[in-house]
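Chemist: Handing you this structure, nothing more for now.
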Amino acid sequence: MNDNDQLLIKPLGELIADKLKEDIYQRKIKFGSRLIETDLAVRFDVSRSTIREALRILEQEELVISKARKGTFVAKFTNKDLKELTEVRKLIEVKAFLNALDHLQKNHYEDLQHILFQMEQAAKDNDWNTLVELDMSFHQYVIQLCGNSRIIKIYESIQTQVRVYMAHLDQYYSSPTSYYREHKDLYDILLEKDRELVKKQLENHIEYVEERVLHLPDDEEFQ
């Protein structure tokens, strides 16, 4: 089965939800924007019921909010949201990475090296969107090796929200290359399998953005 076959099997509402998420990630649709069913139905050439299905998917992932008699809006993410996501990520990812150390083998390191190579190329091309997607792939790959299915499910449940605020990380890094190097450093420490160093490096990596925006009020919104 190829990728095209898989796309044909995927429900239309889910495909549209994926496209809308991509537009939000790439800032083509801004936080707080109203999503009008009739306009989206025309854009995607589908029925309004299919659009409603797509919006329900996004609402379940807390990416949009439905307001009675007002419509559906893209959620606004504040500094407080970032703090909460940072706390959850530290709880989940640090534990998962430490567990994964017992399962990482030569072929796994080779796969991670390939992701890093792609990240390096994306950084050279100043392609922030691809860089963030690869960052998510790097973390997800390691977490999938943690040996705890519940940790994996919890991580998957917050991925969409994590991806949303990560789309704005270019505001807090001096360059894409510095972002890539953080992951290269993390990979090198994973190679050493030093649990304390892995814990420290990963916590620093996750906390970096929060530290950069702590000067903002809790209700300050990302733009």
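The values are calculated or read from the model by the stated rules, or taken from the named source; none is laboratory data. Computed from a predicted model, the values in this text were never measured in an experiment. When we count neighbours, we look across all protein chains shown, and the Cβ atoms used for this are built from the backbone with ideal geometry, even at glycine. Heavy atoms of the whole protein, side chains included, go into the accessibility calculation; ligands, DNA and RNA do not. Shrake-Rupley method; radii C 1.70, N 1.55, O 1.52, S 1.80 Å.
Chemist: Which of (1) acidic (Asp, Glu); (2) farther than 24 Å from LYS19 by Cβ; (3) open to solvent by less than 30 Å² (accessible area, probe 1.4 Å) is the odd one out, the single condition GLU196 does not satisfy?
Modeler: (3)
Chemist: Can you tell me which residues in the range 145-162 are open to solvent by less than 80 Å² (accessible area, probe 1.4 Å) and in contact (Cβ under 8 Å) with a residue 40 or more places away in the chain? Walk me through it before giving the result.
Modeler: Restricting attention to the range 145-162, the residues satisfying the condition of being open to solvent by less than 80 Å² (accessible area, probe 1.4 Å) are 145-149, 151-152, 155, 158-162.
Once the filter is applied, which keeps residues that are open to solvent by less than 80 Å² (accessible area, probe 1.4 Å) and in contact (Cβ under 8 Å) with a residue 40 or more places away in the chain, the range 145-162 yields LEU145, CYS146, GLY147, ASN148, ILE151, ILE152, TYR155, ILE158, THR160, GLN161, VAL162.
Chemist: Just for the range 11-27: of the residues that are open to solvent by 60 Å² or more (accessible area, probe 1.4 Å) and out of contact with any helix residue (DSSP H, G or I) (no Cβ under 8 Å at 6 or more places or on another chain), which one is farthest from GLU133 (Cα to Cα)?
Modeler: ARG27
Chemist: Let me ask something additional. Would you be able to tell me the number of residues in the range 101-151 that are β-branched (Val, Ile, Thr) and more than 24 Å from GLN26 (Cβ to Cβ)? Please lay out each step first, then the result.
Modeler: Step one: of the range 101-151, the residues β-branched (Val, Ile, Thr) are 115, 130, 132, 142-143, 151.
Checking which are more than 24 Å from GLN26 (Cβ to Cβ) leaves us with 142-143, 151.
Count: 3.
Chemist: Which of the residues spanning the range 136-194 are in a helix (DSSP H, G or I) and among the charged types (D, E, K, R)?
Modeler: Within the range 136-194, the first condition is being in a helix (DSSP H, G or I), and the residues that meet it are 136-143, 149-166, 169-171, 176-192.
ARG150, LYS153, GLU156, ARG163, ASP170, ARG181, GLU182, LYS184, ASP185, ASP188, GLU192 - these are the residues of the range 136-194 that are in a helix (DSSP H, G or I) and among the charged types (D, E, K, R).
Chemist: Taking into account only those residues within the range 90-121 that are closer than 23 Å to GLU203 by Cβ and of a type in the set (Asp, Glu), which is surrounded by the fewest Cβ atoms within 10 Å (Cβ to Cβ)?
Modeler: Selected residue: ASP102.
Chemist: In addition: Please work out if GLU22 is without any contact (Cβ under 8 Å) to a residue 40 or more places away in the chain and within 23 Å of GLN171 (Cβ to Cβ).
Modeler: Values: without any contact (Cβ under 8 Å) to a residue 40 or more places away in the chain: yes; within 23 Å of GLN171 (Cβ to Cβ): yes.
When the stated conditions are applied, GLU22 passes them.
Chemist: For PHE77, indicate whether it is within 16 Å of the chain's Cα centre (by Cα), closer than 22 Å to ARG163 by Cβ and surrounded by 17 or more Cβ atoms within 10 Å (Cβ to Cβ). Even if it seems obvious, please write down each step before you answer.
Modeler: Details: within 16 Å of the chain's Cα centre (by Cα): yes; closer than 22 Å to ARG163 by Cβ: yes; surrounded by 17 or more Cβ atoms within 10 Å (Cβ to Cβ): yes.
It is true that PHE77 is within 16 Å of the chain's Cα centre (by Cα), closer than 22 Å to ARG163 by Cβ and surrounded by 17 or more Cβ atoms within 10 Å (Cβ to Cβ).
Chemist: For ILE57, which of the numbered conditions (1) modelled with pLDDT of 90 or more; (2) open to solvent by less than 30 Å² (accessible area, probe 1.4 Å) fails to hold?
Modeler: Unmet for ILE57, out of (1) modelled with pLDDT of 90 or more; (2) open to solvent by less than 30 Å² (accessible area, probe 1.4 Å): (2).
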